[in-house]
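Have a look at the structure below, then the notes.
The values are calculated or read from the model by the stated rules, or taken from the named source; none is laboratory data. In this text the structure is predicted, and so the values were computed from the model without any measurement. FYI the Cβ positions are ideal-geometry reconstructions off the backbone, even for glycines, and counts take in every protein chain you see.
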Amino acid sequence: MGLKLNTGDKAPDFTFDTPWEGGKKFYSECGDGTAVLVFLRYYGCPVCRMELADFKRENARFEDKKANLFIVIQSDPGRIASITRKEDWPFTIICDPDADIYGSYHVAPGGIIKYMHPAGLVAAIKATLKGFRHGKFEGKETQLPAAFIISPDKTITFSHYGKTIPDVPSATILAARIN
């Protein structure tokens with residue numbers, strides 16, 4: 001996947017589909033505000049479903065900072081549209097089943113050791129105990145997460161590449177880093 005993006009780098013623009021709309025441009029959707037771009041794995045992953053629920057519950061932290069949250073998953077847009085509604089989400093879900101956006105941001109899968117890391121197993125148990133069951137497998141199972149904060153001038157002001165499956169900064173941490 002190449003080098004990682006760092007603070008000060010220009011955020012790549014891209015065209016994306018949500019489960020309900022296609023052909024959207026990232027820069028246009030960001031407008032003149034700050035964007036928070038989080039990469040997870042796929043909708044059927046219990047850990048990712050738990051993360052989505054946490055971001056949904058904590059979305060006001062981003063609204064208070066006048067920031068737009070975008071979450072990228074490897075799921076097929078049509079499949080997600082068939083199981084959830086746009087109105088259920090206070091942020092934008094970006095579907096990237098071919099991992100093109102992951103590639104633009106150099107968000108790579110990890111190997112089996114990172115996939116089987118104890119932190120991932122603990123998170124999977126926690127998610128399951130909270131009622132998040134495993135759904136359809138999609139994308140790269142060993143995909144690692146990442147998070148970026150992007151300023152109105154489309155410069156990255158924060159970047160985090162996860163080292164294990166659950167290594168995603170919380171909404172609290174991300175919101176605190178927004179200027």
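So the values come out like this:
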| item | result |
| --- | --- |
| Qualifying position, being within 20 Å of residue 160 (Cβ to Cβ) and acidic (Asp, Glu), among 88, 96, 100, 76 | 96 |
| Of the criteria (1) free of Cβ contacts under 8 Å to residues at least 12 places away in the same chain; (2) among the charged types (D, E, K, R); (3) touching a helix residue (DSSP H, G or I) at 6+ places or on another chain (Cβ under 7 Å), which one residue 133 fails | (1) |
| Count of residues meeting criterion [surrounded by fewer than 17 Cβ atoms within 10 Å (Cβ to Cβ) and in a helix (DSSP H, G or I)] in the stretch 82-103 | 5 |
| When residues of the stretch 40-94 are limited to those that are touching a helix residue (DSSP H, G or I) at 6+ places or on another chain (Cβ under 7 Å) and among the hydroxyl-bearing types (Ser, Thr, Tyr), the one modelled with the highest pLDDT | 92 |
| Pairs where the first residue, in the stretch 85-99, is within 11 Å of residue 17 (Cβ to Cβ) and touching a residue at least 12 places away in the same chain (Cβ under 8 Å) and the second is surrounded by fewer than 18 Cβ atoms within 10 Å (Cβ to Cβ) and among the hydroxyl-bearing types (Ser, Thr, Tyr), C-beta under 9 Å, 6+ apart | 93/84 |
| Given (1) surrounded by fewer than 18 Cβ atoms within 10 Å (Cβ to Cβ); (2) of a type outside the set (Val, Ile, Thr); (3) farther than 20 Å from residue 45 by Cβ; (4) in contact with an Asp or Glu (Cβ under 9 Å, 6 or more places away or on another chain), index of the condition residue 119 fails | (3) |
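Conditions (1) among the small types (Gly, Ala, Ser); (2) in contact (Cβ under 8 Å) with a residue 12 or more places away in the chain; (3) outside any loop (DSSP other than H, G, I, E, B); (4) over 28 Å from residue 136 (Cβ atoms), marked per residue:
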position: 6; (1), (2), (3), (4): no, yes, no, yes
position: 36; (1), (2), (3), (4): no, yes, yes, no
position: 41; (1), (2), (3), (4): no, yes, no, no
position: 48; (1), (2), (3), (4): no, yes, yes, no
position: 53; (1), (2), (3), (4): yes, yes, yes, no
position: 68; (1), (2), (3), (4): no, yes, yes, no
